[in-house]
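Bear in mind that the values in this text are calculations on the coordinates, not laboratory data. Please read these numbers as outputs of a predicted model, since none were measured by experiment. Cβ placement follows ideal geometry from the backbone for every residue including glycine, while neighbour counts extend to all protein chains displayed.
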Amino acid sequence: MAASNTRLAFFSSLLLLFLVNSCQSLSSHNIYLRRQASILVSVKQSLESYDPSLDSWNVSNYVLLCSWTGIQCDGMNRSVVALDVSNSNISGTLSPAITELRSLVSLSIQGNGFSDEFPREIHKLIRLQFLNISNNLFSGELAWEFSQLKELQVLDVYNNNLNGTLPLGVTHLAKLKYLDFGGNYFHGTIPPSYGSMQQLKYLSLKGNDLRGLIPGELGNLTSLEQLYLGYYNDFDGGIPPEFGKLTNLVHIDLANCSLSGPIPPELGGLSKLDTLFLQTNELTGPIPPELGNLSSIKSLDLSNNALTGDIPLEFSGLRRLILLNLFP
């Protein structure tokens, strides 16, 4: 009987310990959810307007945080890892409180009416891999501490009102594969150090107010698949012959950006290229017959330049060509 009572007491103690630990764990879980919910509600309160779907962002509903509109949590439903409120009819400023969601891996707010400066405290989100703030009204310079964003792979700020010179800090982002600074008001020159980002697959600087020479160092971006530098930029000089080293390029758009001089024959070695847009520049000289080696080319536009001579006979071998525009 004594042994039986001892066993009963032992198992009762274990059960009690389990229940206490479970309650503590649940309490800790709920506290963490409530804290994150409070941060998101604070962000919402700083907005001027937003889609009614964000009405689910309410602290009283914090237990269901992971089912709130635009929210994705980790596998334990404990931490917010992704926030996507793209195209949510939002206007107003983005509160720096957003950077208190330290577990964020992905942040997408594109296609809204956010204005003023983007929070400079973004460097606090050290786990961030994906950041898309495109198609908004953000202004000011990108004076961020990029060196802290070591995990960042995608940075898209296309079509805002950002200004200043192109930030040098992005060159320290060793994992960055996609960089879009297009459609803003960046001025100055393209830093030669941008040629050090050899992991990049996508680079767009189009639609800014950039001047000077296009640095030949961009020819070191040998992983690059898409390159956009045209439109509203006003470059000096011509197309760097070093671009012939970009053998993984599929799409290159250098249209309407004041390029002069000849078309480098080195471009003929880009065997994966399916789109080459050089229209509306000040390019001179003959069309290089080497462009006839572009076996994958589908769209080729050299119009509105000052090119001379005949169409190379080698163009007859461009079997995949769909668009060819050569008119003066």
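Pairs of Lys residues in the chain are counted when their Cα atoms are under 24 angstrom apart and they lie 8 or more places apart or on different chains; the count is 24.
Given R0 = 22 Å, the distance between the Cβ atoms of Ser223 and Asp74 translates into a calculated FRET efficiency of 0.15. Over the chain, DSSP H runs of length four or greater, each weighted -39,500 (n - 2.57), average out per residue to a 222 nm ellipticity of -5000 deg cm²/dmol.
Post the alpha-carbon centroid distance, segment 262-303 to segment 140-214, in whole angstrom. Centre-to-centre distance over Cα atoms comes out at 26 Å. For the chain, the relative contact order works out to 7 percent when only alpha carbon pairs closer than 8 Å and six or more residues apart are counted. If the chain linking Leu137 and Asn89 were pulled fully straight, counting 0.36 nm for each residue of separation and taking away their Cα-Cα distance, it would gain 16.0 nm.
For the chain, the convex hull spanned by the alpha carbon atoms encloses 171 Å³ per residue. Result for the chain in a Gaussian network model with C-alpha springs under 10 Å: among Glu117, Glu225, Glu314, the largest mean-square fluctuation is at Glu314. Full extension of the chain segment joining Ser316 with Asp236 gains 25.5 nm, where the gain is 0.36 nm per residue of separation less the Cα-Cα distance.
Which residue, Ile311, Ile39, Ile109, has the most motion in a Gaussian network model of the chain that connects Cα atoms within less than 10 Å? Sorting by GNM fluctuation, first place goes to Ile311. Before anything else, pin down the relative contact order of segment 189-328: Cα pairs under 8 Å, at least 6 apart, normalised by residue count, whole percent. Here the relative contact order equals 17 percent. With contacts taken as Cα pairs under 8 Å at a separation of at least 6 residues, segment 76-214 carries a relative contact order of 17 percent. Each Lys or Arg adds one and each Asp or Glu takes one away; over the other residues whose Cβ falls under 13 Å from the Cβ of Gly70, this sums to -2.
DSSP finds beta bridges in the chain, and of those with both partners inside it, around 10 percent are antiparallel.
Relative to the current alpha-carbon distance between Arg34 and Leu168, full extension at 0.36 nm per residue lengthens the span by 44.4 nm.
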